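What follows is a short report on a single structure.
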Amino acid sequence: MLQIRWILFLCLVVTGINAQDTIFQKNKIVIPAKVLEVGTEELKFKRSDNPEGPVYHLSLSEVYAIHYKGGIADTFTVKAKTAEVPIVIYQQPKPKLDYDARGFYINNRRMNIGQVSELMKSKKDPKINFWLSEAKKDKVYYKLCAGFSIPAYIIGGESVLLSLLFNSINSNGSSYNSNNSNSTSQIFIPIAVVGLLGGGILTYSYKSLKRKYNFNLRNAVDRYNSTLL
């Protein structure tokens, strides 16, 4: 019933304005116009009361019908386009690597150095690979220092003991034995000095390289975590 009334209304209006094009909008607005072009989605027109004015654009989804001055009429059923809602795929963020003085963790689960290295290498990030390479070299050097420092301390300590032993023999033995013990004791003194001093230097180097190793490894972890943001 409502549509019949709307059509009757159009007919009554058309009879009064047959000398011009008339645009009937779905919101009941009637526009006397000169239609220039009807496209698939919009129409272009000029207003009859301002024929030298600008060209107007109107979406066909807002137009119910156009009655042309020759008596021909077009009706439209174009629907307004609905805005496309982008599909957002939620991805669970990867857990970060945590570390403290005792080791490395993911979600409070302890991980060994091999697991941590493989996880970070999977990123194929140049900076991560650089820090891991530096840490690998430091690990080799600090293990060598640790390995050689123990024999150096042993050699130095035994040399001290042997030197004290021969000094003791020197103080209690005969003149001949004393001279031999004294000369033998003097041989062990520089060995003891070199052994103990070398052990100390190697121990210091071991601690320095171990700190550098941890520094490089943690730099790699921090870089890995930054790539997860």
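Values in this text are rule-based calculations from the coordinates and carry no lab data. Values in this document were obtained by computation on a predicted structure and should not be read as measured data. Quick reminder, even Gly has a Cβ in these numbers, built from the backbone with ideal geometry, and neighbours come from all protein chains shown.
For region 24-113, GluC sites (Glu not before Pro) meeting the loop criterion (DSSP other than H, G, I, E, B) and having at most 13 other Cβ atoms within 10 Å: Glu41, Glu52, Glu84. Report note on the peptides 109-119, 124-134: ranked by the mean count of other C-beta atoms within 10 Å, highest first, their order is 124-134, 109-119.
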